[in-house]
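S.K.: Mind looking over this structure? Questions follow.
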Amino acid sequence: QVQLVESGGGLVQPGDSLRLSCVASGRTFRNYAMGWFRQAPGKEREFVAAINWAGATTTYADSVKGRATISRDNAKDTVFLQMSSLKLEDTAVYYCAASTFRGPVVGVRTDFEYWGQGTQVIVSS
C-alpha cells in the first residue's frame, strides 16, 4: 500500500503561479511512475501530467502544456506540479496518483493504482 498526501493548493488570481506537492510513504517511491489529475465541479476527473519511474520522461495534457511542469525528488519521496499563467478553468481539486508501470512513457492510459485525497486550487479574480 502506498499513501499519498497532496498539499500546496489555495486561492490564486489568474496569471499567478502555484506549486503542488505530493509526499509518498509506505513503499519504495522511486519504483513508481507518478501522475497528477484534476476534477472540476460537475466534471469528470481529467489527466494533467505524468512522470515515469526514473524521472526521465514527462507527459502533459494539451490543456496545460507549456504552463505546467511535473518533477520528482526521489530522495524526499515527493512529486511536484508547477503551474504558471493560471486560468479560471484550472480551478479544480488536484489529485496525485502512483503506478507500478515501469515503461518509458506514462500518460492518461496508464493504470494508476494509488491515489491521494486531493488539494483544492481556486483561480478567481
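The values are calculated or read from the model by the stated rules, or taken from the named source; none is laboratory data. Given the structure is predicted, the values throughout are model-derived calculations rather than measurements. All Cβ positions, even for glycine, are placed from backbone atoms using ideal geometry, and neighbour counts span all protein chains on display. For accessibility, only protein heavy atoms count, side chains too; no ligands or nucleic acids. Shrake-Rupley method; radii C 1.70, N 1.55, O 1.52, S 1.80 Å.
S.K.: Could you please give the count of residues in region 111-125 that are open to solvent by 20 Å² or more (accessible area, probe 1.4 Å), farther than 11 Å from Y95 by Cβ and not in a loop (DSSP other than H, G, I, E, B)?
M.R.: Residues meeting the conditions: 1.
S.K.: So which residues in region 58-107 are in a helix (DSSP H, G or I), within 16 Å of V121 (Cβ to Cβ) and open to solvent by 50 Å² or more (accessible area, probe 1.4 Å), if there are any at all?
M.R.: Hits for region 58-107 are L88, E89.
S.K.: Please go through region 24-80 and pick out each residue that is within 17 Å of T100 (Cβ to Cβ) and charged (D, E, K, R).
M.R.: Those that are within 17 Å of T100 (Cβ to Cβ) and charged (D, E, K, R): R27, R30, R72, D77.
S.K.: Are there any pairs, at least 6 apart or on different chains, whose C-beta atoms fall under 6 Å, with the first in region 54-67 and on the phi > 0 side of the Ramachandran plot and without any contact (Cβ under 8 Å) to a residue 40 or more places away in the chain and the second open to solvent by less than 60 Å² (accessible area, probe 1.4 Å) and not in a loop (DSSP other than H, G, I, E, B), and if so, which?
M.R.: G55/R72
S.K.: Next question. Restricting to region 29-56, name every residue that is more than 22 Å from V93 (Cα to Cα) and either open to solvent by 70 Å² or more (accessible area, probe 1.4 Å) or more than 14 Å from the chain's Cα centre (by Cα) (or both).
M.R.: Passing the criteria: F29, R30, N31, W53, A54, A56.
S.K.: Which pairs turn up if I take residues in region 98-125 that are basic (K, R) and look for partners that are open to solvent by less than 70 Å² (accessible area, probe 1.4 Å) and assigned to a strand (DSSP E or B) with beta carbon separation below 8 Å, at least 6 apart in sequence or on another chain?
M.R.: R102/A33
S.K.: In contact with a Leu (Cβ under 8 Å, 6 or more places away or on another chain) and surrounded by fewer than 22 Cβ atoms within 10 Å (Cβ to Cβ): is that true of G26 in this structure?
M.R.: For G26, the condition - in contact with a Leu (Cβ under 8 Å, 6 or more places away or on another chain) and surrounded by fewer than 22 Cβ atoms within 10 Å (Cβ to Cβ) - is not met.
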